[in-house]
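**Q** Can you keep this structure in mind? I'll have questions shortly.
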Amino acid sequence: MRTLLLAVICVIGGYFLYQYWNGSTHLGFNVGSPATGVIDTEGAKRRGAELGEAAARATGKVEDATAKVRETVGEAALTGKIKAKMALDDTIKARSIEVSTSGSVVTVSGSVASRGERDRALSLARETAGVTKVVDHLAVQN
């Protein structure tokens, strides 16, 4: 993350230097030219502040997106672990059970053939590392 931010700052700085040395006015203010010696320092300060604020906003958005991706991947991994445990257990028909995860809260839903199957499915979910709460929406078919 820091490497990306550093690269962005270097590119922006390089662009400014290139534009300045060429006397270009594409930056939104007149940097003057080496021949006249006139430089709009107030304009440069204002534009620099605008770019700094934009970079800070972009960094915040990237950090938010990264956190969301980490959370989603973590939830998917937790769901996968539980479904794998259920699939490997001979007492559970894993195809009839749905598992969903929100943070560290797991919801188990669907229908099972017996109370023992229900208890075993909930037990497997509770035993999984990273699970803090299991919500039971399993229906026992008689």
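The values are calculated or read from the model by the stated rules, or taken from the named source; none is laboratory data. Everything numeric in this text was worked out from a predicted model, so none of it was measured. Ideal geometry is used to build each Cβ from the backbone, glycine not excepted, and the neighbour counts take in all protein chains shown.
**Q** For the stretch 57-84: of the residues being of a type in the set (S, T, N, Q) and surrounded by 14 or more Cβ atoms within 10 Å (Cβ to Cβ), which is farthest from VAL131 (Cα to Cα)?
**A** Narrowing the stretch 57-84 to residues of a type in the set (S, T, N, Q): 59, 66, 72, 79.
The next check asks that each one be surrounded by 14 or more Cβ atoms within 10 Å (Cβ to Cβ); those that pass are 59, 79.
Values: THR59: 31, THR79: 10 Å.
Filtering the stretch 57-84 for residues that are of a type in the set (S, T, N, Q) and surrounded by 14 or more Cβ atoms within 10 Å (Cβ to Cβ), the one farthest from VAL131 (Cα to Cα) comes out as THR59.
**Q** Looking at ALA87, ALA129, ALA139, ALA121, which is the one that is surrounded by 14 or more Cβ atoms within 10 Å (Cβ to Cβ) and either out of contact with any Cys (no Cβ under 6 Å at 6 or more places or on another chain) or at pLDDT 95 or above (or both)? Steps first, please.
**A** Values: ALA87 fails: surrounded by 14 or more Cβ atoms within 10 Å (Cβ to Cβ); ALA129 fails: surrounded by 14 or more Cβ atoms within 10 Å (Cβ to Cβ); ALA139 fails: surrounded by 14 or more Cβ atoms within 10 Å (Cβ to Cβ).
None of the others qualify; the one that does is ALA121.
**Q** Restricting attention to the stretch 119-142, which residues are in a loop (DSSP other than H, G, I, E, B) and either over 34 Å from the mean Cα position of the chain (by Cα) or outside the structural domain of GLU75 (by TED's automatic domain parsing) (or both)? Reasoning before the result, please.
**A** Going residue by residue through the stretch 119-142, those that are in a loop (DSSP other than H, G, I, E, B) are 128-132, 141-142.
GLN141, ASN142 - these are the residues of the stretch 119-142 that are in a loop (DSSP other than H, G, I, E, B) and either over 34 Å from the mean Cα position of the chain (by Cα) or outside the structural domain of GLU75 (by TED's automatic domain parsing) (or both).
**Q** Let me spell it out: the conditions are (1) assigned to a helix (DSSP H, G or I); (2) more than 26 Å from the chain's Cα centre (by Cα), and GLY52 meets all of them except one. Which number is the exception?
**A** Every condition holds for GLY52 apart from (2).
**Q** Considering only the stretch 88-113, state which residues are touching a helix residue (DSSP H, G or I) at 6+ places or on another chain (Cβ under 6 Å), without any contact (Cβ under 8 Å) to a residue 24 or more places away in the chain and of a type outside the set (A, V, I, L, M).
**A** Across the stretch 88-113, there are no qualifying residues.
**Q** Continuing with the same structure: Return the residues of the stretch 63-118 that are closer than 15 Å to GLN141 by Cβ and assigned to a helix (DSSP H, G or I); say none if nothing qualifies.
**A** Correct list: ARG95, SER96, ARG115, GLY116, GLU117, ARG118.
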